[in-house]
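**Student:** Have a look at the structure that comes next, please.
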Amino acid sequence: MPAQWPVGAEELVAANCQFRVDRVPGRPDVTEFKQRARWQQAWWRNKCGLPMGGHRSARSTSLTPNGSRVAEVFARQSGCNFLSPTIRKSAEDRLAQPQRHQTLNEARLWTDLLSSMPMCFNLFGELHDDPGRLTHAVDMLWPSHPGTPDQLIFEWSPGRRDALYLNNRSAFDAAIVLRLPNDQRGAIGVETKYHEDIRRERAPHPQSRLPRYREVTECSEVFRSDWEVKLVGTDLQQLWLDHLLVLSMLQHPRARWEWGRFTVVFPAGNGSVRDAVDRYRDVLATPDTFEARTIEELLDAGVLHEAATGRAFRKRYLW
């Protein structure tokens, strides 16, 4: 059986899961969550009999054993990071259709059990290439959406480095495109978090980046007047930029995006993400285009997976 939370230092060492990156100063609750999440993936890997992989640090060319990774050759051959054949196919289909300027890390997708990237496929991938299931799931999870769900796309942007969007490489972990009347379109852009803690980021370049971000922010009329001091160069910056991608779609002069929402999905136990989305909401004057949902909430609806896959997801990622 999985260990209780928090996981002790001896268990972390034994599982090759004790890494400095999981320590969050001043937040013992987040540190405990991150350590447990990593240990959970090592426990799952060991229970499934999967060979351990490793990672290379910036200061070394040798491979450091990492309990939350699978040996790369085995991972690519077996597809073991994905919880069902349908989910694996959703990942393979996405890899077969690369987007210009994409940032998708293929090795991480196959081998990194802890990454939120493969977790996103494991959460939504059984809706892939199944219009009926996709429609039912979206109707249940986003009942106020307009139009008809038309497409589920992973690691997607409407236009990376396109000046009419954000002119950067931002993308949604998953996006649901909606077909609206009169050839209009809508989108639900999803950002998934699992093990991550929300950290402060460097402010955008004041000449090449910030002016466009400021333009989209002000034109949206979504934010309170003090948004710049609370978002730019802070730990809320990534949420803001992902949200701006949806808002830039709605402002595009020709692309016919008429409705959009940005959704952050995270486990209920991740206090770093929970606190960040609460603070982000406080910067919004109108909340219509932003929401945060827990993974548990989505799973409880019972519409994302076949029953066996849903049980497997909970066993692997939650406790």
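**Student:** For a protection proxy built on the mean count of beta-carbon atoms within 10 angstrom, sort 24-34, 91-101 highest first, please.
**Tutor:** 24-34, 91-101
**Student:** Which whole-number percent gives the relative contact order of the range 84-312, counting Cα pairs below 8 Å spaced six or more residues apart?
**Tutor:** The normalised contact order for the range 84-312 reaches 20 percent.
**Student:** Amide H neighbours of residue 293 under 5 Å, counting only residues 5+ apart in sequence or on other chains, H built in-plane at 1.01 Å?
**Tutor:** Counting only residues 5 or more places away or on other chains, the set is 264, 265, 266.
**Student:** Rank by packing, highest mean first: peptides 136-148, 117-129, 256-268, with packing defined as the count of other Cβ atoms within 10 Å averaged across residues.
**Tutor:** 117-129, 256-268, 136-148
**Student:** Please list, ordered by chain and number, the residues whose modelled amide H lies under 5 Å from the amide H of residue 162; skip anything fewer than 5 residues away on the same chain.
**Tutor:** Under 5 Å from the amide H of residue 162 lie the amide H atoms of 167, 168, each far enough along the sequence or on another chain.
**Student:** Next question, about the same structure. Roughly how many debye, to the nearest 20, is the charge dipole of the chain about its Cα centre, given +1 on each Lys and Arg Cβ, -1 on each Asp and Glu Cβ, and no other charges?
**Tutor:** 980
**Student:** Among (1) 1.06; (2) 0.96; (3) 1.08, which one is Rg/Rh (Cα atoms, Kirkwood Rh) computed from these coordinates?
**Tutor:** Working out Rg/Rh (Cα atoms, Kirkwood Rh) from the coordinates points to (2).
**Student:** List the aspartates and glutamates whose Cα lies under 20 Å from the Cα of residue 315, skipping any in the same chain that are fewer than 8 positions away.
**Tutor:** 11, 32, 112, 126, 196, 296, 297, 300, 306
**Student:** Let me ask you something else. Give me a comma-separated list of calculated 3J(HN,Hα) values for the range 211-217, in order, Karplus coefficients 6.51, -1.76, 1.60 applied at θ = phi - 60°, integers in Hz, x for any Gly or Pro.
**Tutor:** Those phi angles translate into x, 5, 4, 5, 4, 5, 4 Hz.
**Student:** May I ask for the distance between the Cα centers of the range 134-150 and the range 67-126, given as a whole number of Å?
**Tutor:** The range 134-150 and the range 67-126 have Cα centres separated by 25 Å.
**Student:** Now for a different question. In Å and from the alpha-carbon atoms only, list the Rg and Dmax of the range 9-72.
**Tutor:** Rg, Dmax (Cα atoms, Å): 12.2, 36.
**Student:** Just report the Cα centroid separation between the range 257-305 and the range 156-191, whole Å.
**Tutor:** Between the Cα centre of the range 257-305 and that of the range 156-191, the gap is 17 Å.
**Student:** Report ³J(HN,Hα) in whole Hz for each residue of the range 252-261, in order, from the Karplus equation J = 6.51 cos²θ - 1.76 cosθ + 1.60 where θ = phi - 60°; Gly and Pro get x.
**Tutor:** 4, x, 10, 7, 6, 7, 10, 8, x, 8
**Student:** Please compute the modelled spin-label separation between residue 221 and residue 285, points set 7 Å along Cα→Cβ, answer in nm with one decimal.
**Tutor:** 0.8
**Student:** Once both labels are modelled 7 Å past Cα along the beta-carbon direction, what's the residue 64-residue 107 spacing in nm?
**Tutor:** Going by the 7 Å Cα→Cβ label model, 1.4 nm.
**Student:** Now, a different point. Excluding residues on the same chain fewer than 8 positions from residue 230, give the lysines whose Cα lies under 23 Å from its Cα.
**Tutor:** The reachable lysines, counting only those whose Cα sits under 23 Å from residue 230, are 193.
**Student:** Shifting gears a bit: Can you tell me the FRET efficiency between residue 162 and residue 130 if r is taken as the Cβ-Cβ distance and R0 is 25 Å, rounded to the nearest 0.05?
**Tutor:** 0.25
**Student:** Something else: Note the angle between two axes, namely the Cα long axis of helix 85-95 and the longest principal axis of the Cα atoms of the chain, as a number of degrees from 0 to 90, rounded to the nearest 10.
**Tutor:** 60
**Student:** With viscosity set to 0.692 mPa s at 37 °C, what whole-number translational diffusion coefficient in µm²/s follows for the range 42-176 from Stokes-Einstein and a Kirkwood radius over Cα pairs?
**Tutor:** Calculated translational D: 199 µm²/s.
**Student:** Once a ≥ b ≥ c are taken as the square roots of the eigenvalues of the Cα gyration tensor of the range 146-204, is the result rounded (a/c under 1.5), prolate (a/b larger than b/c) or oblate (a/b not larger than b/c)?
**Tutor:** Cα axes put the range 146-204 in the oblate bin.
**Student:** Output wanted: per-residue J couplings in Hz (rounded whole) for the range 44-51, from phi through Karplus 6.51 cos²θ - 1.76 cosθ + 1.60, θ = phi - 60°, x for Gly and Pro.
**Tutor:** Computed from phi, the couplings for the range 44-51 are 5, 4, 5, 4, 7, x, 8, x Hz.
**Student:** Let me ask something else. Classify the range 90-136 from the C-alpha gyration tensor, please: rounded if a/c falls under 1.5, else prolate or oblate depending on whether a/b exceeds b/c.
**Tutor:** Cα axes put the range 90-136 in the oblate bin.
**Student:** Next question, about the same structure. Please list, ordered by chain and number, the residues whose modelled amide H lies under 5 Å from the amide H of residue 66; skip anything fewer than 5 residues away on the same chain.
**Tutor:** For residue 66, whose amide H was placed from the backbone, the distant partners under 5 Å are 53, 54, 55.
Values in this text are rule-based calculations from the coordinates and carry no lab data. As the structure is a prediction and not an experimental result, all values here were calculated from the model. FYI the Cβ positions are ideal-geometry reconstructions off the backbone, even for glycines, and counts take in every protein chain you see.
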